[in-house]
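K.L.:
After the structure tokens below, expect a handful of questions from me.
Just so you know, all these numbers are worked out from the coordinates, no wet-lab data involved. As the structure is a prediction and not an experimental result, all values here were calculated from the model. Note that we place each Cβ from the backbone using ideal geometry, even for glycine, and neighbour counts take in every protein chain shown.
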Amino acid sequence: MMKNILRTAGYILMLVFAYMAFQVCFTFIVMMLAMVYAVVKGLIPAGSLRSLSEYDVLLSSPATSNIYIWSMAIGLFLSSLAMLLFLYLIRGYRLKPDLLRSISLKPLVYSTLLVFSSMFALNIFVQWFGLEDKLSVEMSELSRNALGVITISLIAPLLEEVLFRGAIQGYMMRRYNPWVAIVCAALVFGVFHLNPVQMVYATLMGI
């Protein structure tokens with residue numbers, strides 16, 4: 001039993017760290033190229049390249065803030081696509097042609113109503129405890145960019161479902177009780193966000 005649990009934990013950590021690695025690598029590369037471009041164009045001082053991790057320098061003026069937003073959007077977009085490809089190559093998921101036809105209408109309707117009604121209760125809970133939203137600025141910036149909107153509303157959510165519901169929950173469903181798999185996958189999904197507000201939302205909505 002313990003060996004099975006350790007194997008499952010290792011599999012989950014491998015997938016989560018892979019996603020984080022893709023995000024860090026692609027964000028760094030795109031931001032580095034953006035800063036080089038800004039220096040070449042004379043938008044920021046050449047000395048900024050001495051600390052490539054200080055991406056905020058691109059927000060120092062209106063002329064470069066748009067470059068920063070585009071860089072964020074491109075980095076997130078590429079890392080999401082890379083992770084989807086990685087999951088496909090390791091057989092973390094397989095999309096079957098009859099997948100949508102296998103979902104019956106009644107549970108789908110009930111789930112949709114439950115999701116939207118529970119959002120009101122969660123909003124009250126979040127406001128009551130004053131949970132912080134650490135990503136509100138980034139999400140606001142990305143929502144002003146065409147690629148950012150596509151990424152945060154379509155590509156990233158698709159990846160999260162494939163990763164947490166398809167690869168992680170699917171892996172656990174084949175080895176444990178379904179409720180154990182569902183709750184554990186939702187907890188991993190919530191904790192992964194590392195954002196107080198999203199931890200609550202993602203975990204409960206995930207279940």
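K.L.:
For the stretch 152-207, just say rounded, prolate or oblate: build the C-alpha gyration tensor, square-root its eigenvalues into a ≥ b ≥ c, call rounded for a/c under 1.5, and beyond that prolate if a/b exceeds b/c, oblate if not.
P.N.:
oblate
K.L.:
With just the Cα atoms defining each centre, how far is the stretch 1-32 from the stretch 65-117? Give it in Å.
P.N.:
Here the two parts' Cα centres lie 17 Å apart.
K.L.:
Let me ask you something else. Using the Karplus curve 6.51 cos²θ - 1.76 cosθ + 1.60 with θ = phi - 60°, what ³J(HN,Hα) values do you get for each residue of the stretch 179-185, in whole Hz, with x for Gly and Pro?
P.N.:
5, 4, 5, 5, 5, 5, 5
K.L.:
Quick one: which of 14-25, 72-83, 112-123 comes out on top by average Cβ neighbours within 10 Å, and what's the full order, highest first?
P.N.:
Going from most to least packed, we get 72-83, 14-25, 112-123.
K.L.:
So, counting K/R as plus one and D/E as minus one, what does the shell of residues with Cβ under 15 Å around VAL149 add up to?
P.N.:
Result for the neighbourhood of VAL149: -1.
K.L.:
So if R0 is 22 Å, what FRET efficiency would THR112 and ILE207 give, r being the distance between their Cβ atoms, rounded to the nearest 0.05?
P.N.:
The formula returns an efficiency of 0.90 here.
K.L.:
If we sort 29-39, 175-185 on the protection proxy, mean other Cβ atoms within 10 Å, highest first, what's the order?
P.N.:
In descending order of packing, they fall as 29-39, 175-185.
K.L.:
Whole-Hz Karplus ³J(HN,Hα) for the stretch 108-113, in order, using 6.51 cos²θ - 1.76 cosθ + 1.60 and θ = phi - 60°, x for Gly and Pro?
P.N.:
Result, rounded to whole Hz: 5, 5, 4, 5, 5, 5.
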